[in-house]
Protein chains: 2
Amino acid sequence: MSAPGNRGRRQAEAERNDRALLQAAREVLAADGAHASVASIAARAGVGIGSLYRRYRTKEELFQRLSALSLEHWNEAAERGLADDDPWRGLKGFITACVEFGQGSLSPVAGTIEVTEQMAASSARGDELLAALVARAHEAGVLRADVTAVDISLLIEQLGTSPLLDQLRKQGRDDLVGAAMEARARLVTIAVDGLRAVHTEPLPGGAPSGGLFTERWARAPEPPATGARGSGRAG
Amino acid sequence: MSAPGNRGRRQAEAERNDRALLQAAREVLAADGAHASVASIAARAGVGIGSLYRRYRTKEELFQRLSALSLEHWNEAAERGLADDDPWRGLKGFITACVEFGQGSLSPVAGTIEVTEQMAASSARGDELLAALVARAHEAGVLRADVTAVDISLLIEQLGTSPLLDQLRKQGRDDLVGAAMEARARLVTIAVDGLRAVHTEPLPGGAPSGGLFTERWARAPEPPATGARGSGRAG
DNA sequence: CGATCGCGGAGTGGATTGCTCCGCTCGTGC
DNA sequence: GCACGAGCGGAGCAATCCACTCCGCGATCG
């Protein structure tokens, strides 16, 4: 900031630290929920608390950044999926990417942080992209007809939240994390197979309305309309 | 204790309180993780903290009781499944029952409480029952061949942990809880459909070994053998 | 109508948390 | 080769939260 000419090794290390911080925050948040402490995040990232607080002025700011990045990742994955010629492969790739990225680990912070305009906009765009992905798959006849976009959102959130993975990481059993991720990949394949159009058994209950999951980011339970709000999607 | 003859209305109310306490503990535990406070549990159950502590001497004792009950429920559900003539319907009923009961909400306490002998025994029996359920379905040719018992355990844990449900309960939106449960029931149907034998796409990676998930209940990361230990199953 | 029992919740010491501040290390410019 | 300062890690602080104890009160039973 002060001296405008220094873009050396210092800065590169700072960026690496930032990435480590964000990844650590994702993992600790998934394991400990919204009560995750900044100390544990910094420790997991291998940086000092001071470094964390130079980059993010408050804990909430860090969580907001994390949420914004997750929403961006969602949108990028959806765009990649739409870019695929095969509607089914595109949808499946989208779901897999979101689950593996850990989309859904941010669910616990929903309702505890202020929603920025950027997040709201990103979220709205994500809804459109997912709707397009689902509509295309429906038209191609590869996705069972009674599955909605909300079902997909929920599926990603459910599979993207892995108690086993979280616990292993929390206990420091990093050697088993890879195996656990492989095991989860199996579940994703199973669940995605269940989405294919070949099934005949109808889904129970009526199709879930998007409205049910619309206000999850709102802070307080009482006010039904809080202005900017996220979608029903995970993290 | 002192007067041995009073088994009147008092006792009935006490039992109701106990049930409310256990259900509340399940919900709060699912929402807040292992850090769930006894105060919030008591509040959710609508009883005073004092009442909680007269029944359970410590927080850990309450969690142990909860774990034991979950394991029992798992076994009962598995036995009901085995009692069903149709191997497929039996397996599906078992999975559905476990998910809806909230099996998996206890995952966060794994590794934080002492494992009692009763829990260890119950857990071992649960493993046997599930293995029988899976073997029977395999023999009948209704379950895809590359699915293992560990896959089923993991599936139940994943689907039994619902961030959306937890958040709604935490925010007090009890009016939406029913809808969220219905939405999750749809996911269960989808995932279970993916388990059927008709699918041809192989599951990625090797079949997960049970050993990977065996030591989840052990308290510390270092000691590899802690004596009594649970299975890889949820809750 | 008095004795008794279970109930709810205020109170308490200790642990934890978000955040600040500061001494130190090490890359950088001369 | 040296002085400088940016960025680092983590000790420290006030506020909060936690598990658990203790006690007054109202309902129930003989």
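Quick notes on this one:
- Test result for B:Gly111, within 13 Å of chain A (Cβ to nearest Cβ), closer than 15 Å to B:Arg26 by Cα and assigned to a loop (DSSP other than H, G, I, E, B): no
- Search result, residues across the range A:70-106 that are of a type in the set (S, T, N, Q) and within 14 Å of another protein chain (Cβ to nearest Cβ): A:Ser70, A:Thr96, A:Gln103, A:Ser105
- Residue count for the range A:46-98, restricted to those that are under 14 Å from A:Ala132 (Cα atoms) and part of a loop (DSSP other than H, G, I, E, B): 3
- Conditions (1) within 16 Å of DNA strand D (Cβ to nearest atom); (2) touching a Gly at 6+ places or on another chain (Cβ under 6 Å); number of the one not met by A:Ser51: (2)
- Within the range A:135-144, the presence of at least one residue that is touching a His at 6+ places or on another chain (Cβ under 8 Å) and either part of a loop (DSSP other than H, G, I, E, B) or free of Cβ contacts under 8 Å to residues at least 60 places away in the same chain (or both) is confirmed.
- The range B:50-64, residues that are under 23 Å from B:Glu114 (Cβ atoms) and surrounded by 13 or more Cβ atoms within 10 Å (Cβ to Cβ): B:Leu52, B:Tyr53, B:Arg55, B:Tyr56, B:Lys59, B:Glu60, B:Glu61, B:Leu62, B:Phe63, B:Gln64
- Number of the exception - B:Ala220 against (1) farther than 16 Å from B:Ala149 by Cβ; (2) at pLDDT 85 or above; (3) more than 21 Å from the chain's Cα centre (by Cα): (2)
The values are calculated or read from the model by the stated rules, or taken from the named source; none is laboratory data. Worth saying up front: this structure is predicted, and the values here are computed from it rather than measured. Here the Cβ is made from the backbone with ideal geometry for all residues, glycine too, and neighbour counts use every protein chain on show.
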